[in-house]
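The values are calculated or read from the model by the stated rules, or taken from the named source; none is laboratory data. Keep in mind that what you see is a predicted model, and the values were worked out from it rather than measured. As a convention, Cβ positions derive from the backbone with ideal geometry for all residues, glycine included, and neighbour counts pool all protein chains shown. Note: accessible area is taken over every heavy atom of the protein model, side chains too, but ligands, DNA and RNA are not part of it. Shrake-Rupley method; radii C 1.70, N 1.55, O 1.52, S 1.80 Å.
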Amino acid sequence: MPLFIQNIQVDRITSTAELFHKYPHLQENAKAFRSQPVTDVDPKCLLYVQQREFAATTPADNNVSVIGSEDATTCHLVVLRHTGSGAACLAHCDGSNTYVEVPLLIKSVTSLNTCCHEGRLELHLVGGFEDEAMTSHELSLNILAFQQLPDDIHLQTCCITEMNDVVINAVHRPAVYGVGVNVKTGKVFPANFPYKGPAEDLRSARTFTGGQMVEIYDSTRGLVKVGPCKWSPNMDFAFWLSQDDAIILKYLSTSPKAEPPHFVRHIKSTIKFLLKHPNSDGLFPGGQPQLFHRNESGDWERVA
């Protein structure tokens with residue numbers, strides 16, 4: 001993935017500080033991006049991406065206008081778009097297996113770019129902050145470190161780590177937690193998502209139990225696809241439900257002081273789902289995935 005900034009190929013980057021020092025316009029672009037108002041996205045046009053998920057589609061998709069994701073603290077939100085076809089992909093990366101994940105994102109966009117040879121691949125990165133463990137720095141560098149892939153990638157937005165950092169009450173946290181990409185226009189923007197479905201708890205359970213990066217959308221059929229996925233009965237999960245919020249934050253978050261207010265509620269909901277479904281087989285009859293389509297009301301509805 002030869003990385004280009006202002007049409008100049010970039011050598012290996014050893015730190016985000018070096019990147020922003022060499023390319024000061026990226027700092028200005030990041031400041032402009034984070035200063036935009038946060039948009040509440042209408043669920044009826046949205047395809048929501050959870051942690052360790054990605055989705056791609058084209059402007060011709062009648063079911064999806066915006067792909068989005070939020071709740072990124074040390075995680076990074078990656079948007080890759082082809083300027084010719086308009087095919088766009090959004091991923092929520094947490095550093096679990098970055099070297100495998102990035103090629104998947106490139107493939108997802110190029111596979112949709114079958115009839116347009118003009119244009120280029122543009123990259124938008126948002127996420128991370130100045131966390132104490134420097135987890136954000138490491139993930140930023142891992143995402144930017146790909147030089148061995150054949151596709152040229154042009155970095156447009158780079159609101160990551162120190163450029164996405166804000167200090168509130170002496171605590172560092174991300175300035176932007178969520179982004180959306182309008183697949184009709186290509187605009188990438190700070191966003192908030194009141195709705196995180198379909199199958200929010202099931203998808204969270206997959207990630208919580210170690211599921212790796214997965215594509216959740218079939219744009220040719222307009223279907224969200226969940227699973228099948230596996231986990232084993234684990235009653236140790238119940239232990240966390242008896243703990244106070246501070247303990248859950250301390251041990252189940254990479255950035256306890258920076259999590260959004262609903263983090264603990266989300267974790268408890270996921271654990272309750274796992275306890276209700278100790279064996280995942282019953283959720284996928286015949287070993288088939290759960291499929292969801294957009295109904296006439298604009299809601300995601302499970303396909304019988």
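Each residue in the stretch 74-95 was checked for being surrounded by fewer than 20 Cβ atoms within 10 Å (Cβ to Cβ) and either touching a helix residue (DSSP H, G or I) at 6+ places or on another chain (Cβ under 9 Å) or modelled with pLDDT under 90 (or both), and 1 pass.
Selection of first residues in the stretch 108-125 that are charged (D, E, K, R) and of second residues that are open to solvent by less than 30 Å² (accessible area, probe 1.4 Å), restricted to Cβ pairs under 7 Å at least 6 apart or on distinct chains, gives the following pairs, ordered by first then second residue: Arg120/His154; Glu122/His154. With respect to the numbered conditions (1) open to solvent by less than 40 Å² (accessible area, probe 1.4 Å); (2) assigned to a helix (DSSP H, G or I); (3) in contact with a strand residue (DSSP E or B) (Cβ under 8 Å, 6 or more places away or on another chain), which one is the sole condition not fulfilled by Lys257? The failed condition is (1).
Residues are listed down the side, and each one gets a yes or a no for (1) in contact (Cβ under 8 Å) with a residue 40 or more places away in the chain; (2) touching a strand residue (DSSP E or B) at 6+ places or on another chain (Cβ under 7 Å); (3) closer than 23 Å to Leu90 by Cβ:
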| residue | (1), (2), (3) |
| --- | --- |
| Gln6 | no, no, no |
| Asp11 | no, no, no |
| Ser15 | yes, no, no |
| Glu28 | no, no, no |
| Lys31 | yes, no, yes |
| Tyr48 | yes, yes, yes |
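For Pro289, the test of being within 30 Å of Val41 (Cα to Cα) and open to solvent by 40 Å² or more (accessible area, probe 1.4 Å) is failed.
Looking at this structure, is Phe263 open to solvent by less than 40 Å² (accessible area, probe 1.4 Å) and modelled with pLDDT under 90? It would help to see each step written out before you state the result.
Working: open to solvent by less than 40 Å² (accessible area, probe 1.4 Å): yes; modelled with pLDDT under 90: no.
So Phe263 fails the test.
Taking the stretch 96-151 as the range and being within 23 Å of Asp11 (Cα to Cα), open to solvent by less than 40 Å² (accessible area, probe 1.4 Å) and among the small types (Gly, Ala, Ser) as the test, the residues that pass are Gly127, Gly128, Ser136, Ser140.
Going by what's in this entry, would Tyr251 be described as of a type in the set (Ser, Thr, Tyr) and surrounded by 14 or more Cβ atoms within 10 Å (Cβ to Cβ)? Break it down stepwise before answering.
Values: of a type in the set (Ser, Thr, Tyr): yes; surrounded by 14 or more Cβ atoms within 10 Å (Cβ to Cβ): no.
For Tyr251, the condition - of a type in the set (Ser, Thr, Tyr) and surrounded by 14 or more Cβ atoms within 10 Å (Cβ to Cβ) - is not met.
Residue-level analysis places Asp165 among those that are more than 24 Å from Ser280 (Cβ to Cβ) and not β-branched (Val, Ile, Thr).
When the residues of the stretch 50-59 are filtered to those that are within 24 Å of Glu296 (Cβ to Cβ) and touching a strand residue (DSSP E or B) at 6+ places or on another chain (Cβ under 8 Å), the one that is surrounded by the fewest Cβ atoms within 10 Å (Cβ to Cβ) is Thr58.
Only one of the numbered conditions (1) crowded, with 18+ Cβ neighbours inside 10 Å; (2) at pLDDT 90 or above; (3) under 30 Å from Glu301 (Cα atoms) is not met by Phe237, and that is (2).
Checking the conditions here, which among Ser65, Ser69 is open to solvent by less than 30 Å² (accessible area, probe 1.4 Å) and within 20 Å of Pro190 (Cα to Cα)? Working first, answer last.
On the way: Ser65 fails: open to solvent by less than 30 Å² (accessible area, probe 1.4 Å).
Just a single option satisfies the conditions, and that option is Ser69.
The set of residues in the stretch 173-194 being in a loop (DSSP other than H, G, I, E, B), open to solvent by 20 Å² or more (accessible area, probe 1.4 Å) and under 13 Å from Asp71 (Cβ atoms) consists of Tyr177, Pro194.
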